[in-house]
Each structure stands twice: as structure tokens, then as C-alpha cells.
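Beneath this line is the structure, given in C-alpha cells, with notes to follow.
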Amino acid sequence: MNSNGNKTRRPFLPVLGTALLVACTGAAQAANFTIYRDPSCGCCEAWAAHMRHGEKREVETVDHPDMASVKTEHGVPDDLRSCHTMIADGYVIEGHVPSADVERLLAERPEWVQGLAVAGMPLGSPGMEAGGRTQPYQVIAFGNGRREVFASYP
């Protein structure tokens with residue numbers, strides 16, 4: 001009550017607006033990751049663990065009997081295909097892409113990029129660790145008929 005004995009109304013909308021803004025900001029930062037994999041592939045689980053960043057990301061794994069259809073549905077070019085396909089906040093991540101590159105993509109959000117891919121299954125890439133043996137590989141950004149090297153690993 002104020003000094004005149006009347007009830008004082010406090011504005012509720014600014015508080016509600018601030019709460020909604022905070023909630024939406026947090027939701028935008030927490031991208032949803034869904035990995036589609038062949039049920040018989042073992043490296044996919046190792047890569048999913050890499051993508052979780054020690055439980056910093058929630059990653060859903062979906063066993064799919066027809067991975068070619070998943071790749072076609074999401075526009076993965078034939079020559080960039082690998083064993084698993086992940087959808088990360090609307091982007092397509094194909095194969096053994098390092099988590100740092102996925103995080104960079106989500107931070108930068110280049111307009112033309114539909115996704116990132118590491119073709120094949122290069123030794124030493126995340127999920128393909130082989131006792132210190134490595135093969136050089138590139139992470140390729142693709143989309144709208146364009147391709148560009150996003151990152152290179154020796």
C-alpha cells in the first residue's frame with residue numbers, strides 16, 4: 001500500500017519479459033544434436049561420446065537401417081558421405097567432424113553453409129583413434145552448390 005492507503009500495483013510485464021528473454025537465450029545456446037547411425041557401426045558411438053564433450057551437450061543416437069536415405073534426405077553430397085550423420089541445430093554434420101569445428105559452425109553460422117563433412121573414416125579423426133596412427137583429412141563446408149575447406153588436420 002502507498003501512503004494514501006491504496007494498493008500499489010507493480011508492473012509484471014517487464015519481469016516476465018526479462019524471464020522469457022533469459023529462457024530463450026539459454027535455449028538458443030543449447031543446440032539439439034541427433035546422430036543417425038547404422039546399428040552395427042562401433043565408431044559412431046565413440047564419435048557420439050566425443051560430441052557430448054563430457055556431458056556438455058545432449059546427443060540423441062538413433063539407429064537407422066537405411067543410412068543412405070538419411071544422407072539423401074539431408075542433402076549430403078555422395079562424395080562426402082561417411083558412416084554417420086548428425087543434425088546439429090539444423091546443420092548437417094557428416095562423418096568424423098571434430099567437435100571444435102561443429103562449435104565454430106554454430107557460433108559463426110555462415111549463411112550459405114548447410115553442413116560440414118569429413119569424407120570416409122580417416123584414422124586419427126574423432127571416433128577413429130588408432131593407437132596414434134593418423135591420416136590427414138579436411139572438414140568440408142557444403143551448401144547451395146558451394147564447397148569450402150572449413151578446417152584441415154595433418
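The values are calculated or read from the model by the stated rules, or taken from the named source; none is laboratory data. Bear in mind the structure is a predicted one, so any value in this text is a computation, not a measurement. Neighbour counts are summed over all protein chains in view; Cβ atoms, including those assigned to glycine, are modelled from backbone coordinates with ideal geometry. Quick note on the areas: whole protein, heavy atoms, side chains included, nothing else; ligands and nucleic acids left out. Shrake-Rupley method; radii C 1.70, N 1.55, O 1.52, S 1.80 Å.
Numbers for the structure displayed
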| quantity | calculated |
| --- | --- |
| Inter-residue pairs, beta-carbon under 7 Å, first in contact (Cβ under 8 Å) with a residue 12 or more places away in the chain and in segment 41-54, second open to solvent by 50 Å² or more (accessible area, probe 1.4 Å) and not in a helix (DSSP H, G or I), 6+ apart | Cys43/Met121 |
| Matching residues, segment 127-148, being open to solvent by 70 Å² or more (accessible area, probe 1.4 Å) and either in a loop (DSSP other than H, G, I, E, B) or within 24 Å of Arg52 (Cα to Cα) (or both) | Glu129, Gly131, Gly132, Arg133, Thr134, Gln135, Pro136, Gln138, Asn144, Gly145 |
| Scope segment 76-98; condition loosely packed, with under 12 Cβ neighbours inside 10 Å and part of a loop (DSSP other than H, G, I, E, B); matching residues | Gly90 |
| In segment 40-64, the residues that are surrounded by fewer than 17 Cβ atoms within 10 Å (Cβ to Cβ) and touching a Pro at 6+ places or on another chain (Cβ under 7 Å) | Asp63 |
| Total residues in segment 57-95, condition touching a residue at least 24 places away in the same chain (Cβ under 8 Å) and closer than 13 Å to Gly115 by Cα | 16 |
| Qualifying residue in segment 114-121 (condition: within 19 Å of Cys41 (Cα to Cα), open to solvent by 50 Å² or more (accessible area, probe 1.4 Å), assigned to a loop (DSSP other than H, G, I, E, B) and of a type in the set (A, V, I, L, M, F, W, C)) | yes |
| Residue check, Val102 part of a strand (DSSP E or B), surrounded by 15 or more Cβ atoms within 10 Å (Cβ to Cβ) and modelled with pLDDT of 95 or more | no |
| The one condition in (1) part of a strand (DSSP E or B); (2) under 18 Å from Arg37 (Cα atoms) that Lys71 fails to fulfil | (1) |
